[in-house]
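S.K.: Take a look at the following structure, please.
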Amino acid sequence: MADTETKTISLALYRYMCQNIVGSENHVKNLRLMNTVRDNMTSETFITIITSGSFGEGLEMRGSDLDVMCVNNTIEVYENVQTSLNSNVLYLSLETDDVKAGFAQLQVKKNNRQSLVKYFEEHNGKHYFSNTLYKQALERISNSVIHGPCLSDKDGTCDYAICLHCTSWISQASQWITRSNNSWPSYKVKQSVIKHGVLFVPVGVKGSPKENIEWRISFSVGEKFLINTFTHTQLLCYALLKILLKDVISTYTECEDLLCSYFLKTIMFWISEELPQSIWKPETLTHCFMRCLRRLIYSVDYSVCLHYFIPENNLFENKIEGRARRILLDKLYKLHSYGWRCVFFSDQLSNFRVSMWMNPIEPRTLHTIELAKIVNSKLLYWASNASFGFEEDTIIKKNIQKRNTSDSFLSSIFTKILVYILLVSDVWTICAVCSTE
């Protein structure tokens with residue numbers, strides 16, 4: 001009887017989340033595709049645009065901002081010395097000795113662009129690329145504000161991370177390749193992650209004597225590959241955790257800045273690697289959510305949240321400890337005592353009633369709702385407020401060549417999105433700086 005009731009509740013909650021918060025599996029795929037189209041259209045030879053964060057993962061959550069990674073293609077990072085070098089590229093060598101796991105120093109190996117010398121710092125006779133000097137210069141020129149590794153617009157609605165790219169897989173994460181023998185992630189997905197390599201974002205270890213020349217290793221693109229393999233139930237579990245964090249846990253003053261969405265994503269990755277994909281079904285949504293919540297409590301209790309790709313990097317180190325940890329743990333245990341119903345503390349779910357969601361959603365109704373979500377999406381809101389200084393027909397002519405005409409749906413999406421200016425002007429201001437510096 002209990003199993004039947006749990007199944008009924010899970011299916012009802014699944015339908016509610018699909019209609020009112022996240023959208024259906026098809027809606028999420030469409031958002032991801034639209035992001036991919038926009039990224040493709042706004043990227044250039046010198047810069048690659050990657051929509052990241054929740055929105056880039058296909059989750060348009062209430063109160064979330066837009067996270068954009070701008071990869072500077074005129075600077076390349078390598079772990080091993082390259083024999084063939086481009087005369088127009090700054091080459092940096094990866095150094096990880098005496099640096100916290102998950103971070104690196106980037107030593108200048110070959111510089112053919114004298115305009116970049118002002119971003120170098122000398123240490124022990126070697127020149128390193130400074131994350132601080134680089135961000136400060138971009139902040140002045142782009143009229144933005146430094147926010148951690150990112151540059152934020154004046155309204156705080158967009159974060160732009162200027163990244164550097166290493167196209168090969170790094171030794172710090174070599175064990176990830178062979179660690180998991182389970183079905184997730186698949187061999188094909190792993191190869192896609194490895195093939196892309198890693199990114200470096202301009203932020204060092206807080207308090208480190210060499211903080212200015214340290215760069216954090218980012219697996220943002222690889223993480224998008226992994227998120228895209230989630231079943232819709234996995235994605236809804238992730239969304240429920242994010243809602244619980246933002247609407248409930250972070251409202252406690254003592255817990256406001258202790259946890260972040262990246263910790264939740266990391267926990268989701270570890271659980272997904274450990275469990276078979278068959279576990280994640282609509283009728284087990286509440287069970288899966290509680291499993292994730294218990295793992296979060298365990299992590300806080302032992303002050304351990306290992307980075308998914310580099311386990312030597314404990315994300316909770318020097319953060320979840322002491323009195324703050326005890327307060328957070330107490331709040332989490334109280335929420336756990338309510339079972340899956342702890343989500344009702346969020347006003348996004350307070351109106352959920354099992355009896356109202358016993359039957360499947362009418363496809364026509366769901367289609368209408370999701371169409372309205374697309375129309376009101378941040379994707380189009382930010383697009384309509386963008387201004388690149390180009391005429392609309394120029395952008396269309398420029399990007400129409402990038403269309404994949406063999407895919408009729410992709411072609412259709414392209415046609416619809418092309419009538420919008422696809423990214424806020426701040427990105428292009430920053431991109432222009434990257435290309436001339």
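The values are calculated or read from the model by the stated rules, or taken from the named source; none is laboratory data. Model, not experiment: these values are computed from the prediction. Backbone-built Cβ (ideal geometry, glycine too); neighbour counts: all protein chains shown. Note: areas computed on protein heavy atoms with side chains; ligands, DNA, RNA excluded. Shrake-Rupley method; radii C 1.70, N 1.55, O 1.52, S 1.80 Å.
S.K.: How many residues does segment 244-274 hold that are in contact (Cβ under 8 Å) with a residue 40 or more places away in the chain and assigned to a loop (DSSP other than H, G, I, E, B)? Please lay out each step first, then the result.
M.R.: Quick first cut of segment 244-274, residues in contact (Cβ under 8 Å) with a residue 40 or more places away in the chain only: 244, 246-249, 252, 254-255, 258-259, 261-263, 265-266, 269, 272-274.
Subsequent filtering for residues that are assigned to a loop (DSSP other than H, G, I, E, B) retains 248, 252, 258-259.
Residues flagged as in contact (Cβ under 8 Å) with a residue 40 or more places away in the chain and assigned to a loop (DSSP other than H, G, I, E, B) within segment 244-274 amount to 4.
S.K.: Yes or no: segment 124-137 includes at least one residue that is open to solvent by 20 Å² or more (accessible area, probe 1.4 Å), in a strand (DSSP E or B) and touching a residue at least 60 places away in the same chain (Cβ under 8 Å).
M.R.: Checked against the condition, which is being open to solvent by 20 Å² or more (accessible area, probe 1.4 Å), in a strand (DSSP E or B) and touching a residue at least 60 places away in the same chain (Cβ under 8 Å), segment 124-137 yields no hits at all.
S.K.: Just need a number here: residues in segment 107-123 that are assigned to a helix (DSSP H, G or I), of a type outside the set (A, V, I, L, M, F, W, C) and open to solvent by less than 50 Å² (accessible area, probe 1.4 Å). Give the derivation first.
M.R.: Within segment 107-123, the subset assigned to a helix (DSSP H, G or I) is 114-119.
With the extra rule that they be of a type outside the set (A, V, I, L, M, F, W, C), the set shrinks to 114-115, 118-119.
Still in the running and open to solvent by less than 50 Å² (accessible area, probe 1.4 Å): 115, 119.
The total comes to 2.
S.K.: Ok, one more. When you look at residue 323, is it in a helix (DSSP H, G or I), out of contact with any Gly (no Cβ under 6 Å at 6 or more places or on another chain), modelled with pLDDT of 95 or more and open to solvent by 60 Å² or more (accessible area, probe 1.4 Å), yes or no? Step through it out loud before you land on a result.
M.R.: Values: in a helix (DSSP H, G or I): yes; out of contact with any Gly (no Cβ under 6 Å at 6 or more places or on another chain): yes; modelled with pLDDT of 95 or more: no; open to solvent by 60 Å² or more (accessible area, probe 1.4 Å): yes.
Considered against the rule, which asks whether it is in a helix (DSSP H, G or I), out of contact with any Gly (no Cβ under 6 Å at 6 or more places or on another chain), modelled with pLDDT of 95 or more and open to solvent by 60 Å² or more (accessible area, probe 1.4 Å), residue 323 comes out as no.
S.K.: In segment 201-218, what residues are of a type in the set (A, V, I, L, M, F, W, C) and either more than 20 Å from residue 314 (Cβ to Cβ) or surrounded by fewer than 22 Cβ atoms within 10 Å (Cβ to Cβ) (or both)?
M.R.: 201, 203, 205, 213
S.K.: Let me ask something else about it. Considering every residue within segment 22-30, establish whether at least one is at positive phi and not basic (Lys, Arg). Quick ask: steps written out before the conclusion?
M.R.: Applying the first criterion (at positive phi) to segment 22-30 yields 23.
Then keep just the ones that are not basic (Lys, Arg); that gives 23.
The answer is yes; a qualifying residue exists.
S.K.: For residues that are open to solvent by 10 Å² or more (accessible area, probe 1.4 Å) and under 17 Å from residue 309 (Cβ atoms), tally how many sit in segment 268-284.
M.R.: Of the residues in that region, 3 qualify.
S.K.: Name the single residue that is modelled with the lowest pLDDT among those in segment 156-203 being of a type in the set (Phe, Trp, Tyr) and outside any loop (DSSP other than H, G, I, E, B).
M.R.: First, the residues of segment 156-203 that are of a type in the set (Phe, Trp, Tyr): 160, 169, 176, 184, 187, 200.
In the following step, the residues that additionally are outside any loop (DSSP other than H, G, I, E, B) were identified as 160, 176, 187, 200.
Values: 160: 86, 176: 95, 187: 91, 200: 97.
Restricting to residues being of a type in the set (Phe, Trp, Tyr) and outside any loop (DSSP other than H, G, I, E, B), the top hit is 160.
S.K.: Would you check if there is a residue in segment 30-42 being in contact with a Cys (Cβ under 8 Å, 6 or more places away or on another chain) and either closer than 27 Å to residue 340 by Cα or modelled with pLDDT under 85 (or both)?
M.R.: Step one: of segment 30-42, the residues in contact with a Cys (Cβ under 8 Å, 6 or more places away or on another chain) are none.
No, every residue in segment 30-42 fails to be in contact with a Cys (Cβ under 8 Å, 6 or more places away or on another chain) and either closer than 27 Å to residue 340 by Cα or modelled with pLDDT under 85 (or both).
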